[in-house]
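Have a look at the structure below, then the notes.
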Amino acid sequence: MAGSNAHFYRPAEGTGLPHDPFNAIVGPRPIGWISSADRSGARNLAPYSFFNGFNYHPPIIGFSSIGWKDTVANVDATGEFVWNLATRSLATQMNETAASFPAERDEFDDAGLTPVPSTVVSAPRVLESPVNFECQLTQITRLQRPDGTAVDTWLVLGEVVAVHIDRALLTDGVYDTARPHPILRAGGPASYAEISPSAMFEMTRPS
């Protein structure tokens with residue numbers, strides 16, 4: 001326990017550390033690798049490190065964008081997006097899609113990835129990704145501070161309306177979380193984590 005040996009700071013006044021530890025403490029975090037398209041069909045693919053699931057039935061996922069970026073603009077215009085699972089074998093290509101490109105630039109082409117049509121939504125899926133969630137927008141919410149001051153960050157929530165899973169990841173019908181070796185965002189400018197079978201353990205929730 002930290003106790004009296006704790007490093008204390010108020011974020012608004014600075015951390016007093018060489019690097020802000022917030023991202024390292026709240027992590028590793030699942031990666032929101034989001035594909036979208038504008039109304040003309042121009043594709044976009046970008047990873048978001050603030051991502052998670054927020055409801056079970058119906059399944060609702062969400063990602064947070066610092067700044068009104070192309071992905072948010074596309075989702076706002078079309079009401080649709082796709083989440084694609086980022087794995088260790090796709091890490092380099094996922095990272096390439098994080099570059100800041102003009103809206104007309106196609107990140108699928110730059111990263112050598114294959115866009116394929118979704119079943120329900122108009123946004124494309126990443127063929128190479130073993131799991132895809134097709135989503136319909138439910139909310140876009142601008143974040144704010146306690147006094148109501150707006151922050152230049154938007155939380156995008158969407159209901160998962162269709163799911164694609166590589167059958168190799170199912171064992172007797174049960175999804176194997178570690179088998180695709182998903183990667184997660186950790187702290188600092190370049191730190192990631194990988195989920196491997198050895199990282200898994202079982203613990204039953206009390207009734």
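With Arg142, Arg125, Arg167 as the choices, which residue is of a type in the set (D, E, K, R), under 25 Å from Ser196 (Cα atoms) and touching a residue at least 12 places away in the same chain (Cβ under 8 Å)?
Values: Arg142 fails: under 25 Å from Ser196 (Cα atoms); Arg167 fails: touching a residue at least 12 places away in the same chain (Cβ under 8 Å).
Residue meeting the stated conditions: Arg125.
Go through the residues of segment 172-183 one by one and say whether even a single one is crowded, with 17+ Cβ neighbours inside 10 Å and either among the hydrophobic types (A, V, I, L, M, F, W, C) or closer than 27 Å to Ala77 by Cβ (or both).
yes
On the basis of being within 20 Å of the chain's Cα centre (by Cα) and without any contact (Cβ under 8 Å) to a residue 40 or more places away in the chain, does His7 make the cut?
Details: within 20 Å of the chain's Cα centre (by Cα): no; without any contact (Cβ under 8 Å) to a residue 40 or more places away in the chain: yes.
No, not satisfied.
Just to be sure I understand, how many residues within segment 101-120 are touching a residue at least 40 places away in the same chain (Cβ under 8 Å), part of a loop (DSSP other than H, G, I, E, B) and either more than 16 Å from Val131 (Cβ to Cβ) or not polar (S, T, N, Q) (or both)?
First, pick out the residues of segment 101-120 that are touching a residue at least 40 places away in the same chain (Cβ under 8 Å): 103-104, 106-108, 111, 113, 115, 118-120.
Going one step further and asking which of them are part of a loop (DSSP other than H, G, I, E, B), we end up with 103-104, 106, 113, 118-120.
Subset that is either more than 16 Å from Val131 (Cβ to Cβ) or not polar (S, T, N, Q) (or both): 103-104, 106, 113, 120.
So the answer is 5.
Any read-out appearing in this document is the output of simple, stated calculations on the displayed coordinates, not a laboratory observation. Nothing here was measured: the structure is a model prediction, and the numbers come from that model. Glycine also receives a Cβ, built like all others from the backbone with ideal geometry; neighbour counts cover every protein chain displayed.
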